[in-house]
Amino acid sequence: MAETVTANHYRAAFERLVEEKGLKNHALMKQWIAGSLPLSVVKAWCKEMYSWSADVLRGFAAVYLTAPKFQVRHKMILNLAEEHGITELVVRARHADLIKTCGMALGTPESEYDSHVPIPEQIALTDRYIASALTEGYLEGLATIGIEEFQFAPISATLYDSMIRHYKVAPADAIWFKVHGAADIEHGERALEDFAAYGPTPELRDRIVSAASRSLDAMWNWHEGIYRRFQ
């Protein structure tokens, strides 16, 4: 009898990936959580996240476009609506605007957000989000997104505390981190449900886990680029 891959199997696989190559292991995150990351890097990260928060939604749309299952498309449109501030999970606001608010509270002028040019590693990450669904399949696209939401939930919750405690940002101005500390848990769970429903075979599991692993690599490379450029 063929093995049936469940949501718990996917959860365990994602947990292993995050443990091995997740952002929590990167020096940028370790220093940020400890409050020792230079302010220049924190400011640069906020500008980079602002542009990525807008551009990466094209990857969400690519999954919506390619998914044959209405249930998957429905969850993706909910995710897009939350990012655009159309529906509310924690707050009703565009997520890109929330990270801009945080960066401006750190002293970055709004004009720098308007003129910011993403570093090449961010562009490569966005391309990965779009191409995974369009060239590999909707499950690979969903895995590319899902693994990042899976890893960002606990990181964001910790960074929310660090921004308030170490970088003296008011809680209202650090709300981006609180939003993703909560919302990404919900989104990650949705993805695990879809993997179990539409990727229940070992062959599909291997494709999904491979796509998730490559997504983590691209995210790591982006943070490495931020860390090296903006010290």
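Laboratory data are not the source of any read-out in this text; all were calculated from the coordinates shown. Everything quoted here is computed from the prediction, not taken from an experiment. Using ideal geometry, Cβ is built from the backbone for each residue, glycine included, and neighbour counts are taken over all protein chains shown.
Data overview
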quantity: Some residue of the range 200-221 being among the polar types (S, T, N, Q), crowded, with 18+ Cβ neighbours inside 10 Å, under 24 Å from ALA93 (Cβ atoms) and under 18 Å from the mean Cα position of the chain (by Cα); calculated: no
quantity: Qualifying residue in the range 209-224 (condition: closer than 28 Å to ILE77 by Cβ and not in a helix (DSSP H, G or I)); calculated: no
quantity: Those residues of the range 96-139 which are small (Gly, Ala, Ser) and closer than 23 Å to ALA61 by Cα, in sequence order; calculated: ALA96, ALA124, ALA131, SER132, ALA133, GLY137
quantity: Within the range 1-70, helices (runs of 4 or more DSSP H) holding 2 or more residues that are over 20 Å from ALA157 (Cβ atoms); calculated: 7-21, 39-55, 57-66
quantity: Candidate set: the range 194-206, residues that are in contact with a helix residue (DSSP H, G or I) (Cβ under 6 Å, 6 or more places away or on another chain) and in a helix (DSSP H, G or I); chosen: the one farthest from PRO38 (Cα to Cα); calculated: ALA196
quantity: Residues satisfying the stated conditions in the range 190-199, i.e. among the aliphatic types (A, V, I, L, M) and crowded, with 21+ Cβ neighbours inside 10 Å; calculated: ALA191
quantity: Filter result for GLU48 (under 17 Å from GLN122 (Cβ atoms), crowded, with 16+ Cβ neighbours inside 10 Å and charged (D, E, K, R)); calculated: yes
quantity: Some residue of the range 126-138 being in contact with a Ser or Thr (Cβ under 6 Å, 6 or more places away or on another chain), not hydroxyl-bearing (Ser, Thr, Tyr) and not in a helix (DSSP H, G or I); calculated: no
quantity: Residue that is nearest to GLU112 (Cα to Cα), among those in the range 37-87 that are free of Cβ contacts under 8 Å to residues at least 60 places away in the same chain and over 18 Å from the mean Cα position of the chain (by Cα); calculated: LEU37
quantity: Residues located in the range 163-189, provided they are more than 13 Å from the chain's Cα centre (by Cα), surrounded by fewer than 19 Cβ atoms within 10 Å (Cβ to Cβ) and assigned to a helix (DSSP H, G or I); calculated: ILE164, ARG165, GLU189
quantity: Those residues of the range 105-122 which are touching a residue at least 40 places away in the same chain (Cβ under 8 Å) and part of a helix (DSSP H, G or I), in sequence order; calculated: ALA105, GLU112, TYR113, PRO120, GLU121, GLN122
quantity: Residue match in the range 151-158 (condition: over 14 Å from the mean Cα position of the chain (by Cα), assigned to a helix (DSSP H, G or I) and either surrounded by fewer than 21 Cβ atoms within 10 Å (Cβ to Cβ) or touching a residue at least 24 places away in the same chain (Cβ under 8 Å) (or both)); calculated: yes
